[in-house]
Each structure stands twice: as C-alpha cells, then as structure tokens.
Amino acid sequence: DADFLMENNYRYSLRLAEYALKNEHRFIYASSAATYGKGENGFKDEHSILDDLRPLNAYGYSKHLFDIWLARQKVLDKVIGLKYFNVFGPNEYHKGRMASMVYHIFNTIQKEGWIGLFKSSEPEKYKDGDQVRDFIYVKDAVRMTCNMLDKAFKDVTGIYNVGRGETVTWNKIAEAVFHALDKKVDIRYIDMPKDLEGQYQNFTLADMSKYATVQGHKLQTAPIEESIREYVQEYLIPGKRW
C-alpha cells in the first residue's frame, strides 16, 4: 500500500522532524537498508551517495524520500538516522508478512515440518538459498540505538548503518532455526511470488566503519546462531512477548 507507506514513513516522519527541529529536541529516526536497493552503490552510510540510491520497492522508497528531504533541508547535521538492516527478535509478532525470516521460518517448521526458501532470482551469482543478508538481533539493534542517547554521543549527527557487518545465507538462517528446535533440517526451494519479483534484495552488507569510528571501538554483536537459538527457545516456543 504505497499511500500508507508514504503517509507513515514520509509525511508523518516529516511532521515529527519539523516539530523536533523547531523546538530544538534531539531527533533520532528509523531509516532502512531497503534504501540501498540492490547495492549497486554499496552499503556505505555516506550522505554523498544518497542521490544515487535506488530502492527496489515502495517501502524502501518511502524511507529514502525522508532521508533525501532531510538532506535537501540541510539538517542532517541536526538529526540521527539509523539504517536498520534485517532485524529479528522478540515483539515483531504484529508485523505479519513483514516480520523477519526467522519468525516465518519458525512458524512454518512448526506447522509443516519443512521450510520453503525462495529460489535465487540471480542463479549466476547465488545458488538457491545462498542469497545473503546482514541479519542483526533486535537486542543488538536496540543497544546500538540506545548508544545514541548517551551523553558521549550528544554531538553525533547524520545517517548510520545498524547491522552486524557480516552476511549470512538464507540456508544458514533456516538451519539455525531447525537446530534450535532440535529438528532435522528440511529445506525446499520454491518460486518467488510474482508481486515480490524484482523487489527482493539478494545481498545486503552493512558497512559499519562509520558507526565504529563514532563508538570508538570494534562493534560487539552476538553470534547469529546464538541469537536465533535464544529467540526460538526463550521467546517463540514459550510464546513469551518480552
């Protein structure tokens, strides 16, 4: 629903930003790795490449428009934008189809006993299931976000990536969920729905050098297998919300 996305991700964010800037409040907002599109221009959070980015879908476009608006208004030095990569973890249950791969894989395995992953749309680059993304556990994403509220970061502004700076294949994500459930791995490859063709990122990798420089040391994030195991065993299986 492009109209919904434009109202919530662009116009509503614009109104919040105008209020915060007018009243000199610190403004931190959520952008998205979806703004990078296929990654033809890389995944660096540099303001100089904003005009060159080409999102693949309406969601990414709505997020990108707000980044561009801030740049045009010359206020990126007064706000913080966080480009979240593939976040997964507790309390995404309301997101429906837009919930993480981990969440959907868990539910499908519990119901069917197997999982279907989309076939590669670029078989010359990626085998089926070997498409890769930068997945980050929500607890790490929250910690990185809250860092920006610390007094040590009070002068930090601009756009920053929020990811692990590492890629993981879809196959590895699915295998980790099977292992967390103590079930035999059963992965099958299915055709991508027509409405998603041309809108799916086969590769994402957050360049975290800018964030690491601001933080002053190398980023510490939990291993992906451990994060998935915790999410599955401590939240999804018992139905725990927090």
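Read-outs throughout are calculated quantities, based only on the coordinates presented, and are distinct from any laboratory measurement. The model shown is predicted, which means the values in this text are computed figures rather than measured ones. So basically every Cβ, Gly included, is an ideal-geometry build from the backbone, and we count neighbours across all protein chains shown.
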**Item:** Cα centre as origin, Lys/Arg/Asp/Glu Cβ charges: the chain dipole, Debye
**Value:** 540 debye
**Nonlocal amide H pairs with Y84, under 5 Å, H built at 1.01 Å** = S31, S32, A33, V162
**Prompt:** Which residues' amide hydrogens lie under 5 Å from the amide hydrogen of M192, considering only partners 5 or more residues apart or on another chain, with H built in the peptide plane?
**Reply:** K119
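Scale the Cα Rg of the stretch 2-236 by the rule-of-thumb value 2.2 N^0.38 Å and send over the ratio, two decimals.
Details: Rg = 18.2 Å, N = 235, 2.2 N^0.38 = 17.5 Å.
Taking N as the residue count of the stretch 2-236, the ratio is 1.04.
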**Message:** So for each of 123-132, 209-218 I average, over its residues, the number of other beta carbons within 10 Å; can you give me the resulting order with the highest mean first?
**Reply:** 123-132, 209-218
**Asked** Quick one: of the DSSP bridges fully inside the chain, what percent are antiparallel, nearest 5?
**Response** 10 percent
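Mind running the shape call on the stretch 5-66? Use the C-alpha gyration tensor, a ≥ b ≥ c as the square roots of the eigenvalues: rounded below 1.5 for a/c, prolate if a/b tops b/c, oblate otherwise. Before the final figure, lay out the partial values.
Details: a/c = 3.03, a/b = 1.67, b/c = 1.81.
Oblate.
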**Asked** How high is the relative contact order of the stretch 2-236, in percent, with contacts defined as C-alpha pairs under 8 Å that are six or more residues apart?
**Response** 24 percent
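Relative contact order for the stretch 164-221: what percent, with Cα pairs under 8 Å and sequence separation of 6 or more?
51 percent
Order 82-89, 233-240 from most to least packed using the mean count of other Cβ atoms within 10 Å.
Numbers: 82-89: 21.5, 233-240: 13.0.
Taking the mean over residues of other Cβ atoms within 10 Å, the ranking is 82-89, 233-240.
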**Request:** Would you mind checking K139/K210; K74/K154; K63/K172; K125/K218; K63/K210; K95/K151 for any pair whose Cα atoms are more than 27 angstrom apart?
**Result:** K63/K172; K125/K218; K95/K151
**Message:** Loop only by DSSP, 11 or fewer other Cβ within 10 Å of the Cβ. Give me the trypsin sites (Lys or Arg not before Pro) in the stretch 177-206 that pass, ordered by residue number.
**Reply:** K184
**Asked** Which residues' amide hydrogens lie under 5 Å from the amide hydrogen of T204, considering only partners 5 or more residues apart or on another chain, with H built in the peptide plane?
**Response** V132, R133, D134
